[in-house]
Amino acid sequence: MSQVQATRKRVLPGFGLTMGYSVLYLSLVVLVPLSALLLNSTGLTWEKFWDVATDVRVLASYKVSFLCAAAAALVDLFLGLLIAWVLVRYEFPGKRIFDAVIDLPFALPTAVAGVALTALYAQNGWIGSLFEPLGWKMAYSQTGITLALMFIGIPFVVRTVQPVLEEMDKGEEEVAATLGAGRWRTFRSVILPELIPPLLTGFALAFARGIGEYGSVVFISGNMPMKTEIAPLLIMSKLEQNDYAGATAVALMLLVISFVLLFVINSIQRWSRRRAF
Amino acid sequence: MKRKWKSGLILGLSLVLTIMLSACGASKGGTQADGSSAAGSKDVELLNVSYDPTRELYEAYNKAFAAHWEKEKGQKVTIKQSHGGSGKQSRSVQDGLDADVVTLALGYDIDALQDKGLVKEGWQDKYEHNSSPYTSTIVLLVRKGNPKGIKDWDDLVRGDVQVITPNPKTSGGARWNYLAAWAYALKKNNNDEAKAQQFVQELYKHVPVLDSGARGATTTFVERGIGDVLIAWENEALLSVKELGADKFDIVYPSISILAEPPVAIVDKVVDKKGTREVADAYLKYLYSEEGQTIAAENYYRPTLDSVKAKFKDQFPKMELVTLKDVFGTWKETQQKHFSDKGIFDQIYVPGS
């Protein structure tokens, strides 16, 4: 009797087991480490915590981290859409290789990316030497940080937009065309609304990745305090002084701000998805 | 009823599996050293946790010591090395890396181990020369022909000279650089602290890039071609000149510098647990022997033994060197005053000061 009821309650069987597993692994991999982080900063009183987390230098580094991550994610948003568009809508030789290359920033150790980018964009590098006479410093400036973060973040946008583009119904575009809409109008009113949710997801992922990025940025940023120092570097420098509590205080602040920002982006995304369908 | 029992069993089994898996991973990562020493009861294994630029030095020294120990005691000893930033290495040992001995860049990093109860108090007096078997100093590396005419610390704050040095807050080695400049300014201004601070502040205004570690700073200077002078450890400067060719760089020996003392210590808690105190002690003592000192000198560290010093006197010019103890006191005080949060180094960069 009870068996019948149990199967009727849910579409798929085994909810209890899978839920248990999910919670177990989520706890082991995400929740427990995060609470350990919280615990580490409890060595500080509230005032001390606030003092550490809002020091002028720390504030300056938040600004660098968030602004550069946002700028990089924004550029990636357009660049990623363009790349995804080309990959889905056109055929050209070497397309498969091009497609595979997009994922490389995921696989590459970020420090390697940082060293390579610095070599290119430094004053005597291939690209940097072209901009140097124009008085535009690429490496060792916020431009450099943004470049590194763009490199790290681009796959997120491409890989979230691509499948949506692929599965889009060509029929709707044809209908738009027969109703007299031009290419631009079709793109704006038919294609773009469907792409907004994945674009926002891609933006949020690239942005989040950029905030925490350390490996590639330390090489290209020059690490000048108050100017090009990122928050993760300050965390490292606190650890170097065995100041675990101070480091977690900065990290916690970074997490809270990131969470709020990501929550906002997620809400916009949900809202736009509801409107799109 | 039967179904409930079944799913309970599955849940239990999977839990056991998970725990087994994680236990497996832990034993693989953590206690490798124990496992292999148990295999042959006579063999012994040591782990030397060191900092980055000593890699080549200890590769050569470990071979020499293993041969020496086998001849002396008939026991086979394998020494594993671990390298990384000095502070990071110290933290790994604090967090449970089973190091028998540590050979780091700063006494401060070993003091931190003492605070955690891993190293006994008084470790610095245990071996000769403040437990620093070899030393080094801070010198200036300039481009070939010295185009900016840099001769001493004063020239670093002159006009458009760009100085490359890593961030003392993230690099142990960079702290010696900072202290060397400070020591010079103190001496020149009759121990006037305010003037010394002014000098160091001016010096860091001439730094366009603050790398996070010493090797990174060397790359910035050597490969990227940025800056006119690199403040570096003598051993790193000599190595750069040797590896990149004497036709590219010159070493400038300033009028006064600091004696950089990278100390060594036994990690008491670990050797007592593993029963390796005797061989660990011999390992560190042998660094002071003729052979150990020669290997250190060949790897561009200044030897402390007179006979080896005489043999390598061409490689290491005589310089006026002050010690940390003379000018700054203990590492704890130095760290507190200069490099801790809101210390003097932080003040240099806060606007308005």
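For residue A:76, the test of being part of a helix (DSSP H, G or I), away from every other protein chain (no Cβ under 14 Å) and more than 27 Å from residue A:230 (Cβ to Cβ) is failed. A single entry from B:109, B:152, B:98 fulfils the requirement of being among the acidic types (Asp, Glu), within 24 Å of residue B:321 (Cβ to Cβ) and touching a helix residue (DSSP H, G or I) at 6+ places or on another chain (Cβ under 6 Å): B:109.
The number of residues in the range B:94-111 that are within 14 Å of another protein chain (Cβ to nearest Cβ) and open to solvent by 10 Å² or more (accessible area, probe 1.4 Å) comes to 4. Step by step: first the residues of the range A:186-224, then only those that are surrounded by fewer than 23 Cβ atoms within 10 Å (Cβ to Cβ) and within 14 Å of chain B (Cβ to nearest Cβ), then the one that is farthest from residue A:55 (Cα to Cα). Which residue is that? The qualifying residue farthest from residue A:55 (Cα to Cα) is A:215. When the range B:20-51 is limited to residues that are in contact with a Ser or Thr (Cβ under 8 Å, 6 or more places away or on another chain) and among the charged types (D, E, K, R), the one that is modelled with the lowest pLDDT turns out to be B:43. Put simply, of A:80, A:43 the only residue that is at pLDDT 95 or above, small (Gly, Ala, Ser) and surrounded by 13 or more Cβ atoms within 10 Å (Cβ to Cβ) is A:80. For the range B:327-353, which residues satisfy the criterion of being at the interface with chain A (Cβ under 7 Å from one of its Cβ atoms) and among the β-branched types (Val, Ile, Thr)? Result: B:350, single match. So which residues in the range A:225-244 are of a type in the set (Lys, Arg) and open to solvent by less than 20 Å² (accessible area, probe 1.4 Å)? Hit for the range A:225-244 is A:238, nothing else.
Among the residues of the range B:80-112, the ones that are in contact with a Lys or Arg (Cβ under 9 Å, 6 or more places away or on another chain), in contact (Cβ under 8 Å) with a residue 60 or more places away in the chain, of a type in the set (A, V, I, L, M, F, W, C) and not in a loop (DSSP other than H, G, I, E, B) come to 1 in all. A single member of A:113, A:122, A:36, A:69 is within 14 Å of chain B (Cβ to nearest Cβ), farther than 21 Å from residue A:164 by Cα, of a type in the set (Gly, Ala, Ser) and surrounded by 12 or more Cβ atoms within 10 Å (Cβ to Cβ), and it is A:122. Here is the figure for the range B:159-181: residues that are over 20 Å from the mean Cα position of the chain (by Cα), more than 14 Å from chain A (Cβ to nearest Cβ) and of a type in the set (A, V, I, L, M, F, W, C) total 1. Figure legend. Inter-residue proximity from the range A:235-264: first residues over 30 Å from residue A:197 (Cα atoms), second residues part of a helix (DSSP H, G or I) and of a type in the set (D, E, K, R), beta-carbon distance below 6 Å, spacing 6+ or different chains. Indicated pairs: A:246/A:238; A:247/A:238.
Once the range A:39-66 is narrowed to residues that are in a loop (DSSP other than H, G, I, E, B) and either away from every other protein chain (no Cβ under 14 Å) or in contact with an Asp or Glu (Cβ under 8 Å, 6 or more places away or on another chain) (or both), the residue that is farthest from residue A:234 (Cα to Cα) is A:45. With respect to the numbered conditions (1) surrounded by 15 or more Cβ atoms within 10 Å (Cβ to Cβ); (2) within 14 Å of chain A (Cβ to nearest Cβ), which one is the sole condition not fulfilled by residue B:137? Tallying (1) surrounded by 15 or more Cβ atoms within 10 Å (Cβ to Cβ); (2) within 14 Å of chain A (Cβ to nearest Cβ), residue B:137 fails exactly one: (2). Put simply, of B:283, B:253 the only residue that is outside the structural domain of residue B:171 (by TED's automatic domain parsing) and of a type in the set (Phe, Trp, Tyr) is B:283.
Against the test of being over 26 Å from residue A:248 (Cα atoms) and acidic (Asp, Glu), the options A:103, A:55 yield a single qualifying residue, A:103.
Of all the criteria given as (1) part of a loop (DSSP other than H, G, I, E, B); (2) under 19 Å from the mean Cα position of the chain (by Cα), the one not satisfied by residue B:117 is (2). Of the helices (runs of 4 or more DSSP H) lying entirely inside the range B:220-304, not one contains at least 3 residues that are within 14 Å of chain A (Cβ to nearest Cβ). Counting the residues of the range A:225-277 that are within 24 Å of residue A:206 (Cβ to Cβ) and assigned to a helix (DSSP H, G or I) gives 33. Going by the structure shown, is residue B:284 over 17 Å from residue B:57 (Cβ atoms), among the aliphatic types (A, V, I, L, M), surrounded by 16 or more Cβ atoms within 10 Å (Cβ to Cβ) and under 20 Å from the mean Cα position of the chain (by Cα)? When the stated conditions are applied, residue B:284 does not pass them.
Being more than 30 Å from residue A:47 (Cβ to Cβ), modelled with pLDDT of 90 or more and within 14 Å of chain B (Cβ to nearest Cβ) is not true of residue A:250. Scanning the range B:187-216 for residues that are open to solvent by 10 Å² or more (accessible area, probe 1.4 Å), more than 14 Å from chain A (Cβ to nearest Cβ) and assigned to a helix (DSSP H, G or I) turns up B:187, B:188, B:193, B:194, B:195, B:197, B:198, B:199, B:202.
Within the range A:191-210, the set of residues being over 8 Å from the mean Cα position of the chain (by Cα) and more than 19 Å from residue A:173 (Cβ to Cβ) comprises A:200, A:201.
The values are calculated or read from the model by the stated rules, or taken from the named source; none is laboratory data. Since the structure is predicted, the reported quantities are computational estimates derived from the model, not experimental observations. When we count neighbours, we look across all protein chains shown, and the Cβ atoms used for this are built from the backbone with ideal geometry, even at glycine. Note: accessible area is taken over every heavy atom of the protein model, side chains too, but ligands, DNA and RNA are not part of it. Shrake-Rupley method; radii C 1.70, N 1.55, O 1.52, S 1.80 Å.
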